[in-house]
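Q: Below you will find the structure I want to go over with you.
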Amino acid sequence: GDIESGTGTTRGGEGCEEGVLQIPDTVYAPPCLPEFTGDNGGETYRGVTEDTIKLVFRDFPESANSAATDQELQSRGLATTEQTDDIRDEFIEYLSENYELYGRRIEIEEYVSQFSNNTTELLGGNREEACQDATQIVEEVGAFGVIGQGGQSGVFSECAAERDLMVFNGGAYYSEAWYEDQHPFVWANTMDCERVSAHVAEYIGKRLIGKPAQFAGDPELAGEERKFGTYVPENEQYGHCVEVTENTVREEYGGEGSQVIVRYQLDISRFAEQAARAVVQFKAEGVTTVTIAADPISAAALTTAASEQDYHPEWLVIGTAFTDLNSFARGYDQEQAGGHLFGLSQLGEDAAIFGPEGEVAPLYEKMTGEEIPKGTTGEFYYLVNALNLLQAAGPDLTPENVAAGAWSLPPMGDEDSAAGRWWYGDSVDGEGGDHTATEDSKEVYWDADAPPEETEPDQDVQGDYIPTYGGRRFSLGDWPEGDPELGGT
């Protein structure tokens, strides 16, 4: 039957009227739909039947790297991968019962990679192995798509797209140009790196270039005009996006951008030695301001190496890969970070992500009667994003209809939400829609002495990212001119 938003009652039993969202638990849910009755078209695509949508969580076997990562997560007060997976499974069950899936329910299969490993894929390698996994998921599992946060590297996403397999959170921080090549199969929550680069260039151009590096820890560097360096993983896509920042800073703001770019391998066993080498280079070349286009474990290694080598620059965070999360920043060298680390964040406040006043903790308690383990969202926002796209596609579930649905969704979330504002309907160049949800960023700085928020489960910790402008978020073109104000300085 025909269905109209804003009438009737949702699958979850909510009265559906104008302005009501599909589930009441998150501001990222789409506008409500009354419960679907009638013919959904049955088998509209591989992995889709009249009753089910088959999706896969792709994981990797235990490895030295994954064990080291889990250890690092625990030492930062975050949940292990296994804890997160268990909570994720409970959330997906709840969401698939309450989103409008037109008479179908979600069937999830766990697929552990038989051929590949996460580390090599993150560096853009193991293409053949990733493609073997994608072939198995298509031919033996017969899935419609791959869902969740893990196991969806850029290379795997390319392999999936070649095999007409949907990926709901693929190629984190890859470029919009890359997503266009995979259309309509690959989507993501995380801001694509061309948009990140445009934000960073505008921020540098309007707020930093041509001025002394006043937040450097070394008084001599603090008196010099800023000279930028960038630390970035060795990966063609990330390299391309660093160039986008450089070119924009030069062409639109008359600046020089980063004169020193150091690339590193995403291999946790080598993070410390690679960071030490990078610091030697930044220090020798007189870099005043290091842009951290890196992962948070490398950021910790970089700040530690800087102290060991008596190098005290400004640190510019750009919000990639949770470098802007309190739990990780507390693991940075605090003498380096406190009052010297600032920049852009795409996340919401820590309390909105993990705290009892946020969305995830109350929903978990509503579902289970228990408190959520600390330091995880159970991939909640990645799941919500996927379910938004499945609902938006309508009963005739195909990748093309997922794309059309994504671009018809209104903007979601606001300044106080856990993940900023989401909108697929707006590309950086203003032409039609794009493939990544997050739109905007805010300015933050690290206060090493800030007491823990009352909402935090572990009260022995301190240090907090403090937003400027009262937490106001900026879309492209909206960044203000003028010096950052760190702690009111």
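Q: Could you say which residue among LEU341, LEU383, LEU302 is open to solvent by less than 10 Å² (accessible area, probe 1.4 Å) and more than 25 Å from ASP449 (Cβ to Cβ)? Steps first, please.
A: Numbers: LEU341 fails: more than 25 Å from ASP449 (Cβ to Cβ); LEU302 fails: more than 25 Å from ASP449 (Cβ to Cβ).
One residue alone meets the criteria, LEU383.
Q: Next question. Can you report the number of residues in the range 49-68 which are under 12 Å from GLY151 (Cα atoms), touching a residue at least 60 places away in the same chain (Cβ under 8 Å) and not charged (D, E, K, R)?
A: Here the count works out to 3.
Q: Does ARG207 qualify as being more than 21 Å from TRP446 (Cα to Cα) and of a type in the set (D, E, K, R)?
A: Numbers: more than 21 Å from TRP446 (Cα to Cα): no; of a type in the set (D, E, K, R): yes.
No, not satisfied.
Q: Okay, next question. Taking the range 91-123, which residues are charged (D, E, K, R), more than 18 Å from VAL56 (Cβ to Cβ) and surrounded by fewer than 21 Cβ atoms within 10 Å (Cβ to Cβ)? Before the answer, list the steps.
A: Looking only at the range 91-123, we keep the residues that are charged (D, E, K, R), and these are 93, 97, 100, 104-105, 107, 109-110, 121.
Right, trim to more than 18 Å from VAL56 (Cβ to Cβ) and you get 97, 100.
Across the range 91-123, the qualifying residue is only GLU97.
Q: Return a yes/no flag: does the range 37-53 have any residue that is of a type in the set (A, V, I, L, M), assigned to a loop (DSSP other than H, G, I, E, B) and at pLDDT 95 or above.
A: So far as the range 37-53 goes, no, none of its residues is of a type in the set (A, V, I, L, M), assigned to a loop (DSSP other than H, G, I, E, B) and at pLDDT 95 or above.
Results for (1) in a helix (DSSP H, G or I); (2) touching a Gly at 6+ places or on another chain (Cβ under 6 Å), shown as yes or no for each residue.
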| residue | (1), (2) |
| --- | --- |
| GLU357 | no, no |
| PRO362 | yes, no |
| GLU370 | no, no |
| LEU383 | yes, no |
| ASP396 | no, yes |
| GLY405 | yes, no |
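Q: Which of (1) modelled with pLDDT of 95 or more; (2) under 24 Å from the mean Cα position of the chain (by Cα) is the odd one out, the single condition GLY348 does not satisfy?
A: Checking GLY348 against (1) modelled with pLDDT of 95 or more; (2) under 24 Å from the mean Cα position of the chain (by Cα), the one that fails is (1).
Q: Any residue at all in the range 177-184 that's of a type in the set (D, E, K, R), closer than 19 Å to SER427 by Cβ and either open to solvent by 10 Å² or more (accessible area, probe 1.4 Å) or assigned to a strand (DSSP E or B) (or both)?
A: Taking the range 177-184 and keeping what is of a type in the set (D, E, K, R), we get 180-181.
Narrowing the set further to residues that are closer than 19 Å to SER427 by Cβ leaves 180-181.
Those left that are additionally either open to solvent by 10 Å² or more (accessible area, probe 1.4 Å) or assigned to a strand (DSSP E or B) (or both): 180-181.
The answer is yes; a qualifying residue exists.
Q: Let me ask something else. Between GLY217, GLY171, GLY229, GLY210, which is of a type in the set (Gly, Ala, Ser) and under 21 Å from VAL428 (Cβ atoms)? Don't jump to the end; show me each part of the working.
A: On the way: GLY217 fails: under 21 Å from VAL428 (Cβ atoms); GLY229 fails: under 21 Å from VAL428 (Cβ atoms); GLY210 fails: under 21 Å from VAL428 (Cβ atoms).
None of the other options fit; the residue is GLY171.
Q: Could you list, in sequence order, all residues of the range 140-169 that are of a type outside the set (A, V, I, L, M, F, W, C) and either at pLDDT 95 or above or in a strand (DSSP E or B) (or both)?
A: Selection gives GLU140, GLY142, GLY145, SER157, GLU158, GLU162, ARG163, ASP164.
Q: Further question: Kindly establish whether TYR231 is out of contact with any strand residue (DSSP E or B) (no Cβ under 9 Å at 6 or more places or on another chain) and within 30 Å of GLY487 (Cβ to Cβ). Let's see the steps before the verdict.
A: Details: out of contact with any strand residue (DSSP E or B) (no Cβ under 9 Å at 6 or more places or on another chain): no; within 30 Å of GLY487 (Cβ to Cβ): yes.
Spelling it out, it is not the case that TYR231 is out of contact with any strand residue (DSSP E or B) (no Cβ under 9 Å at 6 or more places or on another chain) and within 30 Å of GLY487 (Cβ to Cβ).
Q: While we're looking at this one, here's another question. Need the failing condition index for GLN71 against (1) free of Cβ contacts under 8 Å to residues at least 60 places away in the same chain; (2) exposed (fewer than 13 other Cβ atoms within 10 Å of the Cβ); (3) more than 23 Å from the chain's Cα centre (by Cα), just the number.
A: (3)
Q: Hey, another quick one. Filter the range 306-333 for residues that are open to solvent by 10 Å² or more (accessible area, probe 1.4 Å), at pLDDT 95 or above and either on the phi > 0 side of the Ramachandran plot or not in a loop (DSSP other than H, G, I, E, B) (or both) and give the result.
A: Within the range 306-333, SER307, GLU308, ASP310 meet the criteria.
Q: Starting from the range 119-139, keep only residues that are in a helix (DSSP H, G or I), then list their pairs with residues that are open to solvent by 40 Å² or more (accessible area, probe 1.4 Å) and among the aromatic types (Phe, Trp, Tyr) whose Cβ atoms are within a distance under 7 Å, requiring at least 6 positions of separation or different chains.
A: GLU129/PHE115; GLN132/PHE115; ASP133/PHE115
Q: Do any residues in the range 260-284 that are within 21 Å of GLU246 (Cα to Cα) have Cβ atoms under 8 Å from those of residues that are open to solvent by 30 Å² or more (accessible area, probe 1.4 Å) and polar (S, T, N, Q), where the two are at least six apart or on different chains, and which pairs are they?
A: Once the first residue is within 21 Å of GLU246 (Cα to Cα) and sits in the range 260-284, its partners that are open to solvent by 30 Å² or more (accessible area, probe 1.4 Å) and polar (S, T, N, Q) give VAL260/GLN281; VAL262/GLN281; VAL279/GLN309; LYS283/GLN309.
Q: Can you pull out the residues in the range 137-150 that are open to solvent by less than 10 Å² (accessible area, probe 1.4 Å) and under 24 Å from THR119 (Cα atoms)? It would help to see each step written out before you state the result.
A: As a first pass, look at the range 137-150 and keep what is open to solvent by less than 10 Å² (accessible area, probe 1.4 Å): 137, 143-148.
Of everything in the range 137-150, those that are open to solvent by less than 10 Å² (accessible area, probe 1.4 Å) and under 24 Å from THR119 (Cα atoms) turn out to be ILE137, GLY145, VAL146, ILE147, GLY148.
The values are calculated or read from the model by the stated rules, or taken from the named source; none is laboratory data. Not measured: the values here are computed from a predicted model. Using ideal geometry, Cβ is built from the backbone for each residue, glycine included, and neighbour counts are taken over all protein chains shown. Just so you know, the surface numbers come from the protein's heavy atoms only, side chains and all, with ligands and any DNA or RNA stripped out. Shrake-Rupley method; radii C 1.70, N 1.55, O 1.52, S 1.80 Å.
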